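Take a look at the structure set out below.
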Amino acid sequence: TIIVIISEIITIILNSFDWQFRIYHIIANVIGFTFSTFIPLTLSFVFKENQKLLIKIMIFPIAVNCILVLLSPWTGSIFYITADNQYIRGPLFFIYILTYIWVSVILLKAIYSNASKYHTIRKFFLYTLSGVLIIGTSIQVIFPYIYATWKCITLVLIMYYIFICELRFKYDALTGVLNRSAFSKELHRLSKKKNASVIVFDIDKFKEINDTYGHKKGDQCLQTIAQIISEEFGTIGECYRIGGDEFCVLSNCIDENRIQSCTASVQARIVKERTIDSTLPAVSIGFGIYHKKTSISIEAVFDVADKNQYEDKKNKSE
């Protein structure tokens, strides 16, 4: 991106110089038109793991564009620099535009696929980055002398880097759900709200899984259960890993029927998964409702939910 921005700045500067700088003007345009289509391809690898498929669907149009760009100093197909050093779009400039649109669409699809695993506010952030990318590119395509594309891409790269850094501090590396630190902050935030609910999950006999089948199997169980909880409670709250085998969902929803419905869905999913993998442990669940008007604190509500979870575990053992 830095290379493309520099080449673009050079073309802007050299466009006001005389014919003696024509060769440098040509080189700067060749670099800019060649490198620019590789940026969405490279960014797509950040968002999507299946790189072989990406290469297959993106490399052909990129290769065609590169060939036409490299031939442009002689053919004027994509661009042309006149004898008096003025830039002109070539008759096949639309091929560059179509190539860039194609690789950008693939990039946006990769962003959408990546965003789907996050909660609403993080999805919205990634979609906003996509919007900035589309707007910046569209402005420059429509108005060629408004150089908006690479400024917008640079902004997107910086914001995405910040986003990734934030995720490293908020998410549990093993399960992909939010971590204990994020839980503590959200619990404090919810204490200032009018109402909230706390749902606690504990994996039954998890130590036996590790002792019998090894920690790798234990990790797989944690990942499966975390995914089930996240998916079934995703419409009303977010899942946190608050201990080795403990999870919690924090939500603004205080509708007990809806909470119990999500709880039943989690248990049903686990029962279904256990028919496929009998080693997957069961899960005990308890919840509590926080009302700000009452004297009980949200931390006390968490203790109530935890106590209810232990009652659920005790009832199953009996």
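The values are calculated or read from the model by the stated rules, or taken from the named source; none is laboratory data. Note that the structure is a prediction, hence the values are computed from the model and not measured. Note that each Cβ is placed from the backbone with ideal geometry, even for glycine, and that neighbours are counted across all protein chains shown. Keep in mind that these areas ignore ligands, DNA and RNA; they rest on the heavy atoms of the full protein, side chains included. Shrake-Rupley method; radii C 1.70, N 1.55, O 1.52, S 1.80 Å.
How much mean residue ellipticity at 222 nm does the chain get from its helices, if each DSSP H run of length 4 or more adds -39500 (n - 2.57) and you divide by all residues, to the nearest 500 deg cm²/dmol?
That comes out to -22500 deg cm²/dmol.
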**Asked** Expressed in nm², what is the orientationally averaged projection area of the convex hull enclosing the Cα positions of region 241-287?
**Response** 3.7 nm²
**Asked** Roughly how tilted is helix 149-170, in degrees to the nearest 10 and between 0 and 90, from the longest Cα axis of the chain?
**Response** 20 degrees
**Computed label-point distance, nm, for sites His291 and Ile3 using a 7 Å Cα→Cβ extension** = 6.5 nm
**Message:** Considering the Cα positions of the chain, please state its Rg to one decimal place and its Dmax as a whole number of Å.
**Reply:** 27.3, 91
**Asked** What is the Å³ per residue value for the convex hull set by the Cα atoms of region 183-318?
**Response** 103 Å³
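Which of Lys216/Lys307; Lys123/Lys292; Lys192/Lys292 have a Cα-Cα distance over 19 Å? Write out the running numbers ahead of the final one.
Values: Lys216/Lys307 30 Å; Lys123/Lys292 29 Å; Lys192/Lys292 8 Å.
From Lys216/Lys307; Lys123/Lys292; Lys192/Lys292, over 19 Å: Lys216/Lys307; Lys123/Lys292.
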**Computed P(r) (all Cα pairs; region 1-117; 10 Å bins; percent)** = 14, 40, 28, 14, 4, 0
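Net charge around Gly214, counting only other residues with Cβ within less than 14 Å of its Cβ (Lys, Arg = +1; Asp, Glu = -1)?
Combined, the nearby Lys, Arg, Asp and Glu give 0.
Would you mind telling me the share, in percent, of accessible area of region 1-160 contributed by carbon and sulfur at probe 1.4 angstrom? The partial results should precede the final answer.
Values: 6720 of 8800 Å².
Here carbon and sulfur together make up 76 percent of the probe-accessible area.
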**Request:** Whole Å is fine, so just give me how far the alpha carbon centre of region 1-53 lies from that of region 182-198.
**Result:** 48 Å
